[in-house]
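Pasting a structure here, questions to come.
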Amino acid sequence: MINSSFSTILPPGETLFVTFRLAGSVPVGLARQLHQQRQAAQEIARALATDAERLAAHHRAEKAFFAAFDALLDAATVGPFFLEKEKIAELIAGELMLLEELGFRVLAFALLPNHVHTILHLPTGADVSFYKALQLLHQRTAAQCRRVLRATLPPEADFWQTGSYDYVVQDATELGRIARYVLHHAQPLRLPARWQTWPYVYAAPEWETV
């Protein structure tokens, strides 16, 4: 479980829940359909009368989109599963932790067979661009992983899907809920037994997991 003392505090700055995935890990038609549904829900939200109503509807639309999209990733009906290779997972986990050298605080992450969940905190006043940092992480890890996968990944094939799903955490309660989701995500997915003790699930020292 999450350390309750940490769950009562959301530090100053922006805390982001980020999901990125391997190229080709979601059927194109279904991904397009989910994005269209998301856009329609956001248009409805923007038409509501008050700021509070618009904000609440926006959050509902984002959560519905993420739940459906992550379910597609977990189903893993298409695409590669490179992240289940421990050498690949080790490379990516190491690069995630290197984000702390850029000023980020890595609060948690979990590597799944075809995608990554992470919670990152960017302190107030930091001059680091999250999007630039993620782009560089994608470039570095793709180059390293290509060397490992040179026998199975064609040179013209992308390693990562362009972009990511990014959600700004609203408060400490939501932070605790998202952290539990990330840290225990592999357990209900019927993955092989080794995923239950998979070492590439990380929580910052302030958090305790069981």
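The values are calculated or read from the model by the stated rules, or taken from the named source; none is laboratory data. Small disclaimer: the values here were computed from a predicted structure and weren't measured. Note: ideal-geometry Cβ built from the backbone for every residue, glycine included; neighbour counts use all protein chains shown. These area figures cover heavy atoms from the full protein model, side chains too; ligands, DNA and RNA do not enter into them. Shrake-Rupley method; radii C 1.70, N 1.55, O 1.52, S 1.80 Å.
Out of region 185-201, which residues are surrounded by 12 or more Cβ atoms within 10 Å (Cβ to Cβ) and either hydrophobic (A, V, I, L, M, F, W, C) or at pLDDT below 90 (or both)?
If we filter region 185-201 for residues that are surrounded by 12 or more Cβ atoms within 10 Å (Cβ to Cβ), which is where we start, we get 185-186, 189, 191, 195, 198, 200-201.
Matches in region 185-201: His185, Ala186, Leu189, Leu191, Trp195, Trp198, Val201.
Kindly list the number of the only condition in (1) part of a loop (DSSP other than H, G, I, E, B); (2) over 30 Å from Trp195 (Cα atoms) that fails for Arg38.
That leaves (1) as the condition not met.
If you go through region 173-184, how many residues are over 16 Å from the mean Cα position of the chain (by Cα) and open to solvent by less than 20 Å² (accessible area, probe 1.4 Å)?
First pass over region 173-184, keeping only residues over 16 Å from the mean Cα position of the chain (by Cα): 173.
Filter again for open to solvent by less than 20 Å² (accessible area, probe 1.4 Å), leaving none.
So the answer is 0.
Among the residues of region 87-108, how many are open to solvent by 60 Å² or more (accessible area, probe 1.4 Å) and either touching an Asp or Glu at 6+ places or on another chain (Cβ under 7 Å) or farther than 12 Å from Tyr200 by Cα (or both)?
5
Still on this structure, please answer the following. Any residue in region 167-190 that's among the small types (Gly, Ala, Ser): show its pairings with residues that are part of a helix (DSSP H, G or I) at Cβ separation under 6 Å, as long as the two are six or more apart or on different chains.
Ala172/Ser7; Gly176/Ser7; Ala186/Trp195
So, restricting to strands (runs of 3 or more DSSP E) that lie completely within region 68-170, which ones have at least 3 residues that are among the aliphatic types (A, V, I, L, M)? Don't jump to the end; show me each part of the working.
Values: elements: 105-111, 115-122, 165-168.
Fully inside region 68-170 and qualifying: 105-111, 115-122.
For Asp158, are the conditions met, namely being open to solvent by 30 Å² or more (accessible area, probe 1.4 Å), more than 30 Å from Glu206 (Cα to Cα), among the charged types (D, E, K, R) and more than 17 Å from the chain's Cα centre (by Cα)?
Numbers: open to solvent by 30 Å² or more (accessible area, probe 1.4 Å): yes; more than 30 Å from Glu206 (Cα to Cα): yes; among the charged types (D, E, K, R): yes; more than 17 Å from the chain's Cα centre (by Cα): yes.
So Asp158 fits the description; yes.
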